Amino acid sequence: MGPVTAVGPVSIRPGLASLSGYHSPQVDVAVRLNTNESPLPPPPEFRAALAEACGAIAFNRYPDRDARALRETIAAHHGVEPSQVFCANGSNEVLQCLLLAYGGPDRTAALFEPTYTLHGHIARVTGTAVAVGPRAADFRLDLPAVRRVLAGSSPVVTFLCSPNNPTGVVDTPEEIEAVVDAAPGLVVVDEAYGQFARTSGLDLLAAGDASAERVVVVRTFSKTWSMAALRLGYLVASPEVVAACELVALPYHLDALKQAAGTIALRFAAEMAERVAFVTEERGRVAARLAALPVETWPSEANFILFRPATRHAQQVWTDLVERSVLVRDCSTWTGTPGCLRVTVGTAAENDAFLDALEKVL
Ligand SMILES: *Cc1c(COP(=O)(O)O)cnc(C)c1O
């Protein structure tokens, strides 16, 4: 896509023109390890149950606007109240709703790079200013720098991402608490890979102290739940935050099929935990083989590994891998990860294909 230009006298909103769309190239290759999806489909029993539920949907009617069954099931899964759960079409739409409700002109969101590119992107699309702070060299939160950025920008929303994309680093409960203490507004912890970590921002919410009402935990069905195609994400927060998001969400934004699919999916928590265990084991195997190659790597607590080729340019390695039908993510132009690539942990065969190709390319 070329630059966005005006149609005759009509131009887009100032501030949008400088943004570029967010996309990972969808290249036709045999081994796709670029977008951190689960390599495994959901269990066949899920498909069967969904097909049955599909037969019972009243397609001529609008869906349950409050998505009650889905929110009750998610709430029970996390041991919270349904009034603390807001669902949307992917966690990215959850983030967009948060920013539509709390961001906007004259308001600021803070984030610490390297981190998920879409936090800043969605903020800017909603007219929210973005204050950016650096993470430490080991990609952990640099708390003095965090406090400086928060004091200087008074953000209405502060974004964390744990495990962080693209580094795989988990923010500890103590670190998150320190950020909540220093932040004047909401602290949004994006836990797209939360099932891989031993700790969660949800523990802070459960602790229920005064500052907990400013904690927002965002989760998705796209990764561990093997349902990127479904586009379903949610947040767990105080009921006031949920009400604010409902204010800006479009009426009936969650279709009936998605509501049914999400509700049914949660019956398969044990199968999903098995998938997480499998991916975690494969991640160890990939990391061990990477350690023998001329690349720098960082310990990951997610379903991907960030690595930096030591002997060749990242973009050249990326291209050479594509030529061998292996697609990884090029993070080399992102802030804070110069020269880095990110590989998603796939099936054993996919991981071997990646490692074999990388060995040759290097
Ligand atoms: C993949 C990912 C998401 C998922 O977004 P969806 O819209 O739910 O598919 C959200 N946050 C982070 C950090 C991610 O890596």
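Bear in mind that the values in this text are calculations on the coordinates, not laboratory data. Remember, predicted model here, so these are calculated numbers, not experimental data. All Cβ positions, glycine included, derive from the backbone under ideal geometry; neighbour counts span all protein chains shown.
Within region 31-137, which trypsin sites (Lys or Arg not before Pro) sit in a loop by DSSP and count at most 14 neighbouring Cβ atoms inside 10 Å?
In loop regions of region 31-137 (DSSP not H, G, I, E or B), the sparsely surrounded trypsin sites (Lys or Arg not before Pro) are ARG61, ARG65.
Evaluate E = 1/(1 + (r/R0)^6) for ALA76 and ARG285, where r is the Cβ-Cβ distance and R0 equals 30 Å; express this FRET efficiency to the nearest 0.05.
Efficiency, rounded to the nearest 0.05: 0.30.
Could I get the Rg over Rh figure for region 46-267? Both from C-alpha atoms, Rh via Kirkwood, rounded to two places.
My calculation puts Rg/Rh at 0.98.
Quick one: net charge around SER238, please, counting Lys, Arg +1 and Asp, Glu -1 for every other residue with C-beta under 9 Å from its C-beta.
It works out to a net charge of -1.
Quick one: work out the % antiparallel among DSSP beta bridges in the chain, nearest 5.
50 percent
So how strong a dipole does the chain carry about its Cα centre when Lys and Arg Cβ are +1 and Asp and Glu Cβ are -1, to the nearest 20 debye?
Computed about the Cα centre, the dipole is about 720 debye.
Quick one: of the DSSP bridges fully inside region 103-256, what percent are antiparallel, nearest 5?
If I count the DSSP bridges inside region 103-256, around 20 percent turn out antiparallel.
State the percent of C-alpha pairs, over all pairs in region 118-164, separated by a distance greater than 15 angstrom.
Across region 118-164, Cα pairs with separations above 15 Å total 48 percent.
Could you pull the Rg and Dmax for region 24-102, using just the Cα atoms, both in Å?
When restricted to Cα atoms, region 24-102 yields Rg and Dmax of 16.8, 44 Å.
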